[in-house]
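Heads up: the structure comes next, in structure tokens.
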Amino acid sequence: IFLGLRHMGNMMSSSARCCSVPETTPLIDEVELRLFDTQDGRPGPPLPTAMSVTQFSCETFYCQEDESVMEVDIVRFGDCEGTARCRYATEDATARAGIHYGSISGVLEFKPGESMKILKVDIINNEVWNAAVEFGIVLSESQGTHLGKYLYRCNVRIIDNDYWPSNAIKDAVENKAIDQIPGPLLMYEYVKLLLREPDIRMDTIKNVLLDQFKNIYFFMTLYLQLYLVDVVLATGGEERRLEESEGGEGEGGEETGFSLVPEVLLFPGNKEKTAIAVAAMYFIPYLITYCIDQYKCFLCIPGAARRAVQTNIMLKFLHCREDLRMHILQSELTMAVIRDVLEVVDMGYVKVLEVIRILGKLGLALLFILAENRMATIPLVVYPIILSIWFVAREKKTTHAIERRAKDQDKIVQKVDELVTNIRLISDFSLKDYAADSFANQIDKYHESESDACSVVVTNLFVAPFLTVVFVSAFMALSASLVEGVGDGYLFGTKIGIISLGTFLATINVFKEVGAELEEIFNEVLEIQMSWGPLRAITRLMNMEGDLLLRRSINRQRRKEGREQRETIRLTVKSEATHFPVDKVRIQLNSLSFAFGTLAGGKVDGARLFNGVSAAFSQGELHTIVGGHRSGKSTLLRLLGQLFCPGENDGSIFVPPHLRILHVARETTVLRASFLENILLKSKAERVGGIDRIRKICLRVGFKAATLDNLLSSPRGEVPETSTALPPEASDDHALAWVSLFSMSDFARLSLVRVFVMNPEVLVVHHPAVFFDESERPHILRLLREHVEQQGLELPKEGVLRRPRTVFMSASKFEECTEAHRVWHLSTQEGLNEIEKKDLNIRKIADLLA
């Protein structure tokens, strides 16, 4: 029954979510073939496998959260004359089905002549803020076609275009006036944002309700103390309380008020057992409060609240505009994630819950005061007024002192990062003393700001306990005449009434408790106030202008141009010439201009590196770009590699959307992981051809066999402990032991291994041979050309359909141009022009590089 219902759902999903788009263009990548049952669930004869491939039209799709429906293209390239089928299904990543999108699955069928289908996925516009989340869609079990080896799956990235923490601060963000947003408003919007998260909202409700048990326990202890003094331990206490309750009025016909204190012993006539019962009632609930505190340790707050903010800060940084990201200090980002988030969550949101708990406690204290001694309501009225005036008057000074301390702390972290990063420079130029003095001066500045902040905080914290001492002293002096057996119940000639000794002592205790609780509230509110500065800092990071909307626009334009180009090439290239005319679609630069300050459509604030550059590059070739210093070679490669995006009026770059692009910088970055994990990155060995292929590529780029035996021998690829270069202790740093054995050329080899293992259709690489000596450089360049001509290194020679590989690289020497299929010269004045290979010589290249 389950399988039948699931298959029925698949059929309904398929019919509801798929629509055909007339297109008859071809394309294929490395593939695998699997058969599956027919659409009605019954085994059927296999369809003949045509020379075609079915895959997604691009690797990543973009949509905004408020679009409601995302359209995902699935294309069939090559022979489209027959019928083809495959299964499709969504899968969660950072986006979750039912929360961010509606999951779909089913069977996709291409009828004869159809070359494109569109899957429609519902996008849920939920109230939970995320910088960007994504989910995957996977194709499987093809019949009558091949599935692309790489683009059988795609990612769909959902962009949240709201402001953080809410659109209420939209005007302030757009006017760059985040510092002018009132702290209470910002905290209020942040709390609302957290409560939209179901898990946090539920655990917040649990936390508040559990805290009220503690308040009830506090209320009960007040009356237990009063009951113990006035009824259990007092001589004739039970009889006196009964007489007062029967009399109803005190002397002169005045009301004595009402009381919640029991008037009889719990065990009539037995004070000892009653006292034991009171002790048990005092002790047992305290154990329950301990259990409550233990349970609260496992609630999702504050952990989930921290995680939500910390994760989104990093997502926002990763998807920030490149020009803005370059101006973000590492220390600023680090302290925002580590310090500011903790202050906002632990000193902000969690303290709000503490304030709610204390307010509940004060409510119960007020009930006790009204029942036993109404005069004690004075501090509950006066305290908040005085403390509120003080809080508002000191807000600006407090916030300024805390933010100044935080900025100086950021500078210390930045200084540490500079010293660690530049240790070689400091050592080579004997700057150790200077560096140490500079660091010490920064520490002194921090200590100065810390002292100022400490002084402000101490002064703020002094006010509440000072008020408590004043009110307790005043009550002791003024209320002694009202105590039974001490005075006559008059105060300043006015009849107030007699109070018992227990009430007098309990009232003093209430004054202290009320003072302590109001002091705690004031302290909590002060900490909430101190979190406003970090909250503004996080708000600035969260609302940085990202590049996702621009990339969405570029992606959709590429997909549109891709359809047009495939249709055009299908009509102009004869089918006999190639099975896949799409390979003839060219990579194009269309009137491309660039100046720093226009990375994402911003205003030009510098001279243009190049202006109106147009060129067309054939697939399946090695293109080498040469030019003088500051001619824009690196920038052009970053644009081709989609690291930079051209501005709105700065032309365009067209790379067929089905081609995966890999941009590789000149310097190699190493992850804190094993050698093998540094090669695979997020992939798995079986997806890239297995360990044997990785080993062969490592040998091809120049790693020694003995070295590889060590690096690839263990599951994680660590160096065995028998190596004399390793520290004796086994720790997590063991996985990084190989790094100390590598030279600059070894790191360059590692970068090339990553490239060849990933096997992108378009490779953009900066000076790939710069770290190799004269004897190795030609071999490295020949490997790049072989990667192009063989459509990938160390891949099976039979049974695999390969697509063209294209490489763009920069060069600074004549030898680096000899393996190129085409050489291009870039200059600020003349733009980008091809140089005929027959005209190349050392002198000409030297002139072009000058």
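The values are calculated or read from the model by the stated rules, or taken from the named source; none is laboratory data. Note that the structure is predicted; figures quoted are calculated from it, not measured. Methodologically, a virtual Cβ is constructed for each residue, glycine included, from the backbone with ideal geometry; neighbour enumeration extends over all protein chains shown. The area values use the complete protein model at the heavy-atom level, side chains included, leaving out ligands, DNA and RNA. Shrake-Rupley method; radii C 1.70, N 1.55, O 1.52, S 1.80 Å.
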Sorted peptide list for 185-196, 320-331, criterion being average Cβ within 10 angstrom, highest first: 185-196, 320-331
Taking amide hydrogens as modeled 1.01 Å from N in the peptide plane, which residues meet the under 5 Å criterion relative to LEU609, leaving out close sequence neighbours? PHE594, ALA595, PHE596
Chymotrypsin sites (Phe, Trp or Tyr not before Pro) restricted to segment 298-357 and DSSP loop, no more than 15 other C-beta within 10 Å: PHE298
Please give the residues of segment 296-310, grouped as numeric ranges, whose backbone N is less than 11 Å from a label point set 7 Å along the Cα-to-Cβ vector of LYS206. 296-301
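Rounded to the nearest 0.05, what FRET efficiency is calculated for LYS797 and THR83 with R0 set to 30 Å and r the Cβ-Cβ distance? Before the final figure, lay out each step's value.
Values: r = 30 Å, r/R0 = 1.02.
After rounding to 0.05, the efficiency reads 0.50.
If you take every residue apart from GLY546 with its C-beta less than 15 Å away from the C-beta of GLY546, what net charge results, scoring Lys and Arg +1 and Asp and Glu -1? Walk me through the numbers on the way to the answer.
Working: positive: ARG157, LYS316, ARG321, ARG325, ARG540, ARG551, ARG552; negative: GLU65, GLU134, ASP160, ASP162, GLU174, GLU322, ASP323, GLU545, ASP547.
Result for the neighbourhood of GLY546: -2.
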Report, in listed order, any pair from LYS411/LYS432; LYS192/LYS397; LYS415/LYS682 with a Cα-Cα distance greater than 22 Å. LYS192/LYS397; LYS415/LYS682
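Grab the Cα-Cα distance for GLU815 and ALA474, subtract it from 0.36 nm times how many residues apart they are, and report the gain in nm with one decimal.
Numbers: separation 341, 0.36 × 341 = 122.76 nm, distance 9.39 nm.
Full extension from GLU815 to ALA474 adds 113.4 nm.
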What distance in nm lies between label points placed 7 Å from Cα along the C-beta direction at ASN161 and PHE213? 4.8 nm
Efficiency of FRET between LYS192 and GLU836 - r from beta-carbon atoms, R0 60 angstrom, step 0.05: 0.35
Spin-label model distance (nm) - VAL458 vs GLN557, 7 Å beyond Cα toward Cβ: 6.1 nm
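Can you give the accessible area per residue of segment 525-587, in Å², using a 1.4 Å probe?
Values: 2920 Å² over 63 residues.
Per residue, segment 525-587 has an accessible area of 46 Å².
Write down the accessible area per residue of segment 92-161 in Å², having rolled a 1.4 Å probe over the full set of protein chains. Intermediate values should be presented prior to the final figure.
Working: 2190 Å² over 70 residues.
Per-residue accessible area for segment 92-161 comes out at 31 Å².
With every protein chain left in place, what is the accessible area per residue of segment 590-703 in square angstrom, probe 1.4 Å?
Values: 4910 Å² over 114 residues.
About 43 Å² of surface per residue is accessible.
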Sorting ILE443, ASN422, THR459 by the position of each Cα along the dipole of segment 395-459 (Lys, Arg +1; Asp, Glu -1; all at Cβ), the one nearest the positive end of that ordering is THR459
Under 18 Å from the 7 Å Cα→Cβ point of TYR286, by amide nitrogen: which residues of segment 193-229? 213-229
Gain on full stretching of the segment that runs from ALA168 to ALA371 - 0.36 nm per residue minus C-alpha separation: 68.7 nm
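Among residues other than TYR383 whose Cβ falls under 15 Å from its Cβ, what is the net charge (Lys/Arg +1, Asp/Glu -1)? Show your work: numbers first, answer last.
Numbers: positive: LYS361, LYS512; negative: GLU513, GLU517, GLU519, GLU520, GLU524.
Surrounding charge for TYR383 is -3.
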With an 8 Å cut-off on Cα pairs and a minimum separation of 6 or more residues, tell me the relative contact order of segment 159-237 in percent. 18 percent
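Taking 41 Å as R0, compute the FRET efficiency from the Cβ-Cβ separation of ASP437 and SER614 and round it to 0.05.
Working: r = 55 Å, r/R0 = 1.33.
That pair, ASP437 with SER614, gives E of 0.15.
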Given a 1.4 angstrom probe, I'd like the percentage of the accessible area of segment 81-143 that is carbon and sulfur, rounded to a whole number. 45 percent
Got a number for the accessible area of THR568? Probe 1.4 Å, square angstrom, nearest 10. 80 Å²
Greater than 20 Å separation of Cα atoms is the criterion. Which listed pairs, LYS214/LYS296; LYS584/LYS633; LYS206/LYS296; LYS584/LYS837; LYS206/LYS512; LYS214/LYS361, meet it? LYS584/LYS633; LYS584/LYS837; LYS206/LYS512
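Starting from the Cα-Cα distance between SER388 and GLN180, subtract it from 0.36 nm times their residue separation and give me the gain in nm to one decimal. Working shown, then result.
Values: separation 208, 0.36 × 208 = 74.88 nm, distance 2.10 nm.
Contour length minus Cα-Cα distance gives 72.8 nm.
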How many nm is it between the label spots at PHE742 and SER481, if each spot is 7 Å from the Cα in line with the beta carbon? 8.7 nm
